[in-house]
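The values are calculated or read from the model by the stated rules, or taken from the named source; none is laboratory data. Keep in mind it's a predicted model, so treat the numbers as computed, not measured. As a convention, Cβ positions derive from the backbone with ideal geometry for all residues, glycine included, and neighbour counts pool all protein chains shown. Just the protein is used for accessible areas: all its heavy atoms, side chains included, with ligands, DNA and RNA removed. Shrake-Rupley method; radii C 1.70, N 1.55, O 1.52, S 1.80 Å.
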Amino acid sequence: MVLIEEATNASCGPCASQNPAFDVLLNQNRDILTAIKYHWYFPGYDPMHNHNPEENNARVSYYGINGVPTAAIDGDIPNGPTFGYPGGPHGYTQDLIDEYAAVPSPFNLSLSHRISDDEDSIYIDMMIEATEAVSGDLRAHMVVVEKHVNFSSPPGSNGEKNFLDVMKKMVPDANGTVLPAFQAGDYMIIQGAWQLA
């Protein structure tokens, strides 16, 4: 699975012009990718940013992003002839997604979740299995995403009313869970929970 992470904002004009086509491309590839959208504080009001400003800002800062919209693919901010600027969603193509999808992962990840009986909390289990030896500054991130947030009128100033893949919470936080070095076949299980908001 390819991971697409986009920094966006509900008051960003270029976001409104690039996100619709970008979302079509993402939706056509849900069998080979997953997406997370971090709602940054700039350039204006965004209730999805205000819901969780610390973790949204931390992830945008992690990538060194200084303008929206900007999207990373498997941790890289791509550039090239289709891009007007590095990571611009308008530069993403099917060929780029296919190129990243063809790269094997050093880990198999298996996730499951359940909602509490009173529907106020989510419980997450993630099994990580190494397919090869891996070491370094390894982190596991579990992210609760709201697949579709729809407003009856635009919440920001750019006219967008529909927002996909909105990051709600990083479990336990934006720093993730520190992992040890792995040998091929090593595995571990991480569990987390969040009271829904």
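Suppose only helical runs count, i.e. DSSP H with n ≥ 4. What mean residue ellipticity at 222 nm does that imply for the chain under -39500 (n - 2.57) per run, divided by all residues and rounded to the nearest 500 deg cm²/dmol? Don't skip to the end; give the middle numbers.
Numbers: 4 runs with 38 residues, N = 197.
Rounded to the nearest 500, it is -5500 deg cm²/dmol.
Quick one: of the DSSP bridges fully inside the chain, what percent are antiparallel, nearest 5? Mind showing how you got there, number by number?
Values: 34 of 42 bridges.
Among the beta bridges of the chain, antiparallel pairing accounts for roughly 80 percent.
Note down the accessible area of F151, probe 1.4 Å, to the nearest 10 Å².
Here the accessible area works out near 60 Å².
In whole angstrom, how long is each semi-axis of the equivalent ellipsoid of the range 41-197, when you take the square root of 5 times every eigenvalue of its Cα gyration tensor and sort them from largest down? List each step's numbers first, then the result.
On the way: eigenvalues 158, 116, 40 Å².
Sorted largest first and rounded, they come to 28, 24, 14 Å.
Give the ranking of E160, E146, E54 by solvent-accessible surface, highest area first, calculated with a 1.4 Å probe.
Details: E160 20, E146 70, E54 130 Å².
Sorted descending by solvent-accessible area, the residues read E54, E146, E160.
Using a cut-off of 18 Å between alpha-carbon atoms, which lysines can reach K161, once sequence neighbours fewer than 8 places away in the same chain are excluded?
Answer for K161, where 18 Å is the Cα cut-off: K37, K147, listed by chain and number.
Within the range 1-98, list the trypsin sites (Lys or Arg not before Pro) lying in a DSSP loop whose Cβ has at most 13 other Cβ atoms in a 10 Å radius. List each step's numbers first, then the result.
Values: sites: R30, K37, R59; in loops: R30.
Sites meeting the loop and neighbour criteria: R30.
What does the charge count near L26 come to, summing +1 for each Lys or Arg and -1 for each Asp or Glu among other residues with Cβ under 12 Å from its Cβ?
Working: positive: R30, K37, K147; negative: E5, E6, D23, D31, D165.
That works out to -2.
If I ignore ligands, DNA and RNA and count only protein heavy atoms, how much of I190 is accessible to a 1.4 Å probe, in Å² to the nearest 10?
Approximately 10 Å² of I190 is accessible to the 1.4 Å probe.
Cβ under 14 Å from M126's Cβ, M126 left aside: what net charge do those residues give with Lys, Arg +1 and Asp, Glu -1? Each step should come with its number before you reach the end.
Values: positive: R114, R139; negative: D125, E129.
Local net charge: 0.
Net charge near A181: determine it from the other residues with C-beta under 15 Å of the C-beta of A181, scoring Lys and Arg +1 and Asp and Glu -1.
Around A181, the charge tally is -3.
Scan around V171 for amide H atoms under 5 Å from its own, H built in the peptide plane at 1.01 Å from N, and keep only partners 5 or more places away or cross-chain.
It is M142, V143, V144, by chain and number.
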